[in-house]
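Everything below concerns the one structure shown next.
The values are calculated or read from the model by the stated rules, or taken from the named source; none is laboratory data. Just so it is clear, the model here is predicted, and its values are computed rather than measured. Quick reminder, even Gly has a Cβ in these numbers, built from the backbone with ideal geometry, and neighbours come from all protein chains shown. When the accessible area is computed, the model is the full protein with side chains, heavy atoms only, and any ligands, DNA or RNA have been set aside. Shrake-Rupley method; radii C 1.70, N 1.55, O 1.52, S 1.80 Å.
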Amino acid sequence: SEGAIWQSGGGLAADAQGNIYALMANGTFDGTLDGNGFPVNHDYGNAFVKVSTSGGSLQVVDYFDMFNTMNESSGDIDLGSGGAMLLPNLTNSSGNVVSLAVGAGKDGNIYVVNRNNMGKFNASSNNVYQEIIGAVPNGVWGVPAYFNGTVFFCDVNNTLKSFAISNAQLSASPVQTSASFTYPGVLPSVSANGTANGIVWAIENSSPAVLHAFLASNLTQELYNSNQAAGGRDQFGTGNKFVTPMIADGKVFAATTN
């Protein structure tokens, strides 16, 4: 029963080999596994899945699901509110290149999976590349952003956070904005000139809505927000959920409710 891909409006992720990655909503997960570690009835509720498109057909070829997935699904504390994001290839402390993906949902944890060995399911522990427990404590409704070795997440009614990557591991101690963002938090976007002049754009779901610009290398520095201009010149009406700033041709676009 149940199970969906919704990701708070965020799109699916895909790699150069044509594999698709998604976070599944709460629903049936088969606790009984086949000899290869896959659910016997192919039910992947609340899982981080990798779907192959090889041969023109869709098939789950790897996945990760947490040890308490049944409890999370029954409590509507699922991964499906968040979306998967692929990271560029990284080098770990042993000098090995790893291909990773990252995602977070309602349970407040950030999960980092190895795309070539995602961890599958174990009833007693999470066999996952990295898990940062409580990193986004109020839950994530949206897809993170990446820029220049840093991942950006925001949980509901909380701050926008940057997690620096070192030796292919996300830091457990993020830098964060002073501003806090109401439901659904922030779906961040990044503008930059190559690896320079990085700006993280975030829309606050308030009345009026607010477009914020933060220095990507230090989120404590706000560069601009749309409430600053005199006479409400830059205001664009009441906010809405799941609005992602779009950057093109030197402009930032914000969807409005009307």
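Think of the range 130-258 as having a plus end and a minus end, set by charges on the Cβ of Lys, Arg, Asp and Glu; of Gln176, Thr257, Phe214, Thr257 sits farthest toward the positive end of this dipole. Farthest toward the dipole's positive end in the range 101-232, which of Asn227, Asn205, Asn193, given Cβ charges of +1 (Lys, Arg) and -1 (Asp, Glu) about the Cα centre? Working it through, the farthest residue towards the positive pole turns out to be Asn193.
Relative contact order, whole percent, for the range 175-258 stands at 27, derived from Cα pairs under 8 Å and 6 or more residues apart.
Its relative contact order, with pairs defined as Cα atoms under 8 Å and 6+ residues apart, puts the chain at 12 percent.
Accessible surface calculations at 1.4 Å, restricted to protein heavy atoms, place the chain at 45 Å² per residue.
Sorting the segments 87-95, 19-27 by their mean number of nearby beta carbons within 10 angstrom, highest to lowest, gives 19-27, 87-95. Just so you know, the Rg over Rh for the range 157-243 is 1.00, from Cα atoms, with Rh as the Kirkwood radius. Of the heavy-atom accessible surface of the chain (probe 1.4 angstrom), what whole percent is carbon and sulfur? After summing per-atom areas, the C and S share lands at 47 percent. Among the listed options (1) 48, 45, 35; (2) 65, 43, 37; (3) 48, 42, 41, the one matching Cα extents along the principal axes in Å as calculated from these coordinates is (2).
Descending by average beta-carbon neighbour count within 10 Å, the peptides 166-175, 232-241, 99-108, 194-203 line up as 99-108, 194-203, 166-175, 232-241, the highest first.
Note on the chain: lysine pairs with Cα distance below 29 Å, sequence gap of 8 or more or different chains, count 11. In this simple spin-label model, placing a label point 7 Å from the Cα along the Cα-to-Cβ direction at both Ala229 and Val61 gives a separation of 4.8 nm. The sum of -39500 (n - 2.57) across all DSSP H runs of n ≥ 4, divided by the residue count of the chain, sets its helix-only mean residue ellipticity at 222 nm to -500 deg cm²/dmol. Once all protein chains are placed together, Asp30 keeps about 10 Å² accessible to a 1.4 angstrom probe. When only Cα pairs below 8 angstrom with a gap of at least 6 residues are kept, the range 1-87 shows a relative contact order of 37 percent. Computed from point charges on the beta carbon alone (+1 for Lys and Arg, -1 for Asp and Glu), the dipole magnitude for the chain about its Cα centre is near 600 Debye.
Reported to the nearest whole Å, the Cα centre-to-centre distance from the range 85-117 to the range 34-54 is 19.
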